[in-house]
Amino acid sequence: MTTNLFRTYAPLLAVLGLGLAACQPDLEDDFKPSAGSADFTTYVAVGNSLTAGFQDNGLSLEGQQKSYPALLAQQFRAVGGGNFAQPLFPADRFNGSGFLRITAINNGNPVLGQETANLAVTGLGADNRTPLLARYTGTDNQNLGVPGIRVADITTPGYGLNNPLGFNPFFERLLPAGSLLSYLQYTQERVNTLKPTFFTNWLGNNDVLGYAGSGGTGTPLTAVAEFTTKYNQMVDALTVNGAKGVLVTIPSVTSTPLFTTVPTAAVIAQVNATPIPAALVPLIVAQLGLPAGSPLPAGTRFGLYVRTGPAATAVREARATDLLLLPARTFINSAPVAPNLFPGGIGLVVPGVPAPVAARLAEASNAVPNNLVLDETEAAAVASRTAELNAVIQAAAARKGLALFDANAYFNNVARAGVTINGVSNTTAFISGNLFSLDGVHPTPRGYAIVTNEMIKVINSTYGSRVPQLNPNDYRSVRFPQ
């Protein structure tokens, strides 16, 4: 079997390097900014990794400075917005938590590595596994984004407490040492102290992503009732003083490159069409219990197998409706480890054999691990729960008369047709699409700039404002080695 099975699907580097010099912002010469009925004097942002500026599977100083709240605050200054304080990493520790980067291009394929220099990591927590990050000691923080947080977590006391059972290090660095504050209490403290006049709230993604991104093996989907109670508690806290703001829906996480880069149907077709090497035939004959020298049964072929649960028997051939996660591309067709005969993901299919024999063939395959595949049942559950949780967010916006950025609808449109900004095409394709960073979920700085403009559109529409948009082409997409 060829070792280049997956390289067919590698990003096409030839489509990179778009003509940025030709881009011009589509701003009108006579645009006169105004706040409309909104007051942008003091802005706070609530949310998760998307709000913090996470990208390339990490949080860095650059990501913080190019976060959508930072870009929004920058644009708000034209309509009366004030300073916007963020919990920035120190300049000498600008790589923050560390992140993925492209270290080389090998035969046209990007090679990814981990940035390990100039980190803000100060040690390990009491659980001996969670990295501690340089603490933010300022008292003026307005970007409350905490990577990894779910709506389900916001009332958990000690969510950021360094303790032997584990904690969120991004929240821990925002709090005084030993604090037991929940995220909701922290937000309430910020509201009481800062008295924000405007806010954004983009919580909810991790209530489905934690499950989807683990192939259904990780944190369960948040129950609708729990999400409703806690989400409304947060909205009530943000509007207690009459502030206006924007609520944001949960994008369809399965439309991101994490789930779309490895094309299941095409991989299945290629595996099925791959001839069985002659050298493997005697080994397979022996595995099937046939007399030495026997030919393979008619129609015997390779098949792509996936594991769908923890049981040894929870293995079946992959279906086109299963979603293979981005990391699966390094497993599929990887070298077999004895005593397994087959490369990663591969097994044998013999048409017409009794069900017990087919089951044994499946169990003998080198199936894609359960955490690298979101099977069709799990994918349907993610889609259903996303719709239910978004209905909660939409209802909250209607109840409070707040602006709503429907990120789910927006990114679904982008996934179908892409988006062209001032002559530059952007899509959801991994690396070559400009929008998503190397983790396949979080935007690039350009992606965050595009999100910022979409939020400005709904702010202007809802509050009669004229907040100027920015030119996303001024912001980078995926960074390549120099």
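Where strands (runs of 3 or more DSSP E) fall entirely within the range 377-482, those with at least 3 residues that are in contact (Cβ under 8 Å) with a residue 24 or more places away in the chain are at 403-405, 424-426. Within the range 363-412, the residues that satisfy the criterion of being modelled with pLDDT of 95 or more, of a type in the set (A, V, I, L, M, F, W, C), open to solvent by less than 60 Å² (accessible area, probe 1.4 Å) and more than 25 Å from residue 427 (Cα to Cα) are 367, 368, 381, 389, 391, 392, 393, 395, 396, 397, 402, 403. Do the conditions hold for residue 201, that is, is it at negative phi, crowded, with 22+ Cβ neighbours inside 10 Å and among the polar types (S, T, N, Q)? Here the answer is yes, as residue 201 does meet what is asked.
Does residue 209 satisfy the condition of being open to solvent by 20 Å² or more (accessible area, probe 1.4 Å), closer than 24 Å to residue 371 by Cβ and not in a helix (DSSP H, G or I)? Answer is no for this residue.
One residue stands out among those in the range 312-347 that are part of a strand (DSSP E or B) and closer than 20 Å to residue 217 by Cα: the one that is most open to solvent (accessible area, probe 1.4 Å), which is 317.
Looking only at residues that are open to solvent by less than 20 Å² (accessible area, probe 1.4 Å) and either outside any helix (DSSP H, G or I) or among the hydroxyl-bearing types (Ser, Thr, Tyr) (or both) in the range 58-84, which one is nearest to residue 440 (Cα to Cα)? Selected residue: 58. Of the residues making up the range 110-166, those that are part of a loop (DSSP other than H, G, I, E, B), within 17 Å of residue 185 (Cα to Cα) and over 19 Å from the mean Cα position of the chain (by Cα) are 139, 140, 141, 142, 154, 155, 156, 157, 158, 159, 160, 161. Selection within the range 297-311: residues that are within 21 Å of residue 211 (Cα to Cα) and hydrophobic (A, V, I, L, M, F, W, C). The member of this set that is least open to solvent (accessible area, probe 1.4 Å) is 306.
Against the definition (in contact with an Asp or Glu (Cβ under 8 Å, 6 or more places away or on another chain) and open to solvent by 10 Å² or more (accessible area, probe 1.4 Å)), how does residue 180 come out, yes or no? So residue 180 fails the test. Evaluation of residue 31 against the conditions (1) aromatic (Phe, Trp, Tyr); (2) farther than 16 Å from residue 245 by Cα; (3) assigned to a helix (DSSP H, G or I) shows that the sole unmet condition is (3).
The values are calculated or read from the model by the stated rules, or taken from the named source; none is laboratory data. From a predicted model like this one, the values you see are computed outputs, not experimental measurements. Cβ atoms come from the backbone with ideal geometry, glycine included; neighbour counts cover every protein chain shown. We work out accessible area using only protein heavy atoms, side chains counted, and drop any ligands, DNA or RNA first. Shrake-Rupley method; radii C 1.70, N 1.55, O 1.52, S 1.80 Å.
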